[in-house]
Amino acid sequence: MNAPATPVPGPACPELGFYGLAGHAEDPRELLDELVVAERIGLGSVFLSERFDTKDAAVLAGAAAATTRTLGIGTAATNPHTRHPLVSATMATTLHRMSRGRYALGLGRGFDLLFDLMGLERVTSARLEDTVGLLRTMWSGGAVVDHRGAAGTFPYLRRTADGADTIPILMVALGDRTLETAGRLADGVVLHTFFTDDTLARAARTVRRAADEAGRDPCSVRIWSVLATVTDALPEEARLRRLTGRLATYLQGYGDVLIRANGWDPQVLGRFRDDPAVRDQTGPIDAAPVPVLEHMESLLPGEWLATSATGSAERCAARIADQFAAGADSVILHGSAPAELAPVVAAWRSRRDTQRFASLPANPGWSTR
């Protein structure tokens, strides 16, 4: 059974989302304050990335479902093999019904090196596709019998919950193969931070082409861009951590994929990785001391960091408009808490095309109401 519709107004800006507890978070209760502010200023969705510390996606999404009334809720992302498929199906069913249909399950490949260290297999497109099939079978009320596929071998899987649930699946995608997989299978796609506008446009075309080739309506897949947003009202250390530190951390973990996607110079990435300060970092660079971050900024081309939204609230709102012009359906404002984003959202609300976004639902996985 699908959760009944709730007679409450939707968010003012369903086309905008934010990442809850962006970056490192030692106190997960801070999310509760973020959610209150997010609803008040009109943000549409909260996205919850999962880290193996204090950011468990199921716990955070449960808190969001229990304490909000209008926000869409999406995991972006959890990995398909860190939970058993039946556990993932149960998690999503619970959140779907608790939120009255505002939840979308987001899946992603994750980090190969981390999974190597954890003793887990690396995630392939085949595994993502197989997992999606298993989940949708269970959510429909069906049973999985004697399954042998990329997601594993399962003699029998079936939820004990009665009825069927229609739960959207988000897919976090960076490279072309994952974008194509998302276009074929997913209800929504979350792209990557620090995409150039040209890369965003190309990614959107790839997703829609794959959807069309799979016999789906290309416009039925909701495409979320992710825009690092740091206004000039924030202190310098915050800017360094949320822009320089965040980009450097991505380059540290999977720089080759991001460089290839944007068409950036791989020799610059090579020099970055060979720098002694980079090699000496044993943890994420965005948690490094300020002098290290300042040095990192000297290693990165300004054009790479310019793929973000910075400056005044009005300038950041203009960058949001650029995302829609490049092909996004919705935009996640990444790197800042809702209280910090309030001026940006206000500036955006003063210029947004109300009719363009009138049909967008709160659930971040659906493209229309």
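All of the numbers you see were taken from the coordinates with simple rules; none came from a lab. Keep in mind that what you see is a predicted model, and the values were worked out from it rather than measured. Here the Cβ positions follow ideal geometry from the backbone for every residue, glycine too, while neighbour counts run over all protein chains shown.
Structure notes:
- Cα-Cα P(r), the stretch 1-132, percent of pairs per 5 Å interval: 2, 10, 20, 21, 19, 14, 9, 4, 1, 0
- Between Ala358, Ala61, Ala228, the residue with the greatest mean-square fluctuation in the GNM of the chain (Cα pairs under 10 Å linked by springs) is Ala358.
- Mean-position separation - Cα centroids, the stretch 121-149 and the stretch 21-38, in angstrom: 32
- Assuming charge only on the beta carbon of Lys and Arg (+1) and of Asp and Glu (-1), the dipole of the chain about its Cα centre is about 1140 debye to the nearest 20.
- Cα gyration tensor, the stretch 249-319 - rounded (a/c under 1.5), prolate or oblate: oblate
- A cut-off under 14 angstrom between Cβ atoms defines the neighbours of Cys316, and their net charge, with Lys, Arg +1 and Asp, Glu -1, is +3.
- Cα-based shape type of the stretch 98-174, given that a ≥ b ≥ c are square roots of the gyration tensor eigenvalues and the cut on a/c is 1.5: oblate
- Amide H contacts under 5 Å for Ile169: Asp187, Gly188, restricted to partners 5 or more places along the chain or on a different chain, H placed in the peptide plane at 1.01 Å from N.
- MRE, 222 nm, helices only [DSSP H, n ≥ 4, -39500 (n - 2.57), over the chain, to nearest 500]: -13000 deg cm²/dmol
- Couplings 3J(HN,Hα) for the stretch 212-222, derived from phi with the Karplus relation 6.51 cos²θ - 1.76 cosθ + 1.60 (θ = phi - 60°), are 4, 5, 8, x, 9, 6, x, 7, 7, 9, 7 Hz, where x marks Gly and Pro.
- The reciprocal of the average 1/r between distinct C-alpha atoms defines the Kirkwood hydrodynamic radius, which for the stretch 61-204 equals 16.0 Å.
- A straight chain from Val36 to Ser140 at 0.36 nm per residue would run longer than the Cα-Cα distance by 34.1 nm.
- Between Arg273 and Arg148, the simple label model (points 7 Å from Cα in the Cβ direction) yields a spacing of 3.8 nm.
- Share antiparallel - DSSP beta bridges, the stretch 1-85, percent rounded to 5: 10
- Using the average count of surrounding beta-carbon atoms within 10 Å as a protection proxy, the listed peptides 131-140, 312-321 rank, highest first, as 131-140, 312-321.
- Dipole of the chain, positive end: most advanced residue of Tyr19, Ala233, Gly74 [Cβ charges, Cα centre]: Gly74
- Lys, Arg +1 and Asp, Glu -1 on Cβ, resulting dipole of the stretch 225-289 about Cα centre, debye, nearest 20: 140
- Amide H within-cut-off set for Ala309, under 5 Å, with H built and near neighbours excluded: Ala228, Thr229, Val230
- The chain, relative contact order in percent, only Cα pairs under 8 angstrom and at least six apart counted: 21
- Residue among Glu34, Glu121, Glu180 with the largest mean-square fluctuation in a Gaussian network model of the chain, springs linking Cα atoms under 10 Å: Glu121
- Three semi-axes of the equivalent ellipsoid, the chain, Cα gyration tensor, whole Å, largest first: 31, 25, 20
- In this rough spin-label picture, where each label sits 7 Å from Cα along the Cβ direction, the Arg83-Glu294 distance is 4.4 nm.
- Neighbours of Gly133 by Cβ distance under 12 Å: Lys/Arg scored +1, Asp/Glu scored -1, total +1.
- For the stretch 151-275, alpha-carbon Rg over 2.2 N^0.38 Å: 1.34
- Karplus-derived HN-Hα couplings along the stretch 132-144 (A = 6.51, B = -1.76, C = 1.60, θ = phi - 60°), whole Hz, x at Gly and Pro: 4, x, 4, 4, 5, 5, 5, 5, 6, x, x, 10, 9
- Along each principal axis, taking the top coordinate minus the bottom one, the Cα set of the stretch 224-263 gives 33, 23, 15 Å in descending order.
- Here the label points at Val59 and Tyr156, each 7 Å from Cα along the C-beta direction, are separated by 3.4 nm in the simple model.
- Hz values of 3J(HN,Hα) by residue in the stretch 288-305 - Karplus curve (6.51, -1.76, 1.60), Gly and Pro given as x: 6, x, 4, x, 5, 5, 4, 5, 4, 5, 5, 8, 9, x, x, 5, 5, 6
- Between Ala66 and Ala306, the FRET efficiency estimated from the beta carbon spacing at R0 = 41 angstrom works out to 0.55.
- For the stretch 262-366, the fraction of alpha-carbon pairs in successive 10 Å shells from zero, as %: 11, 33, 29, 21, 7, 0
- Net charge of Cβ neighbours under 15 Å - reference His81; Lys, Arg +1; Asp, Glu -1: -2
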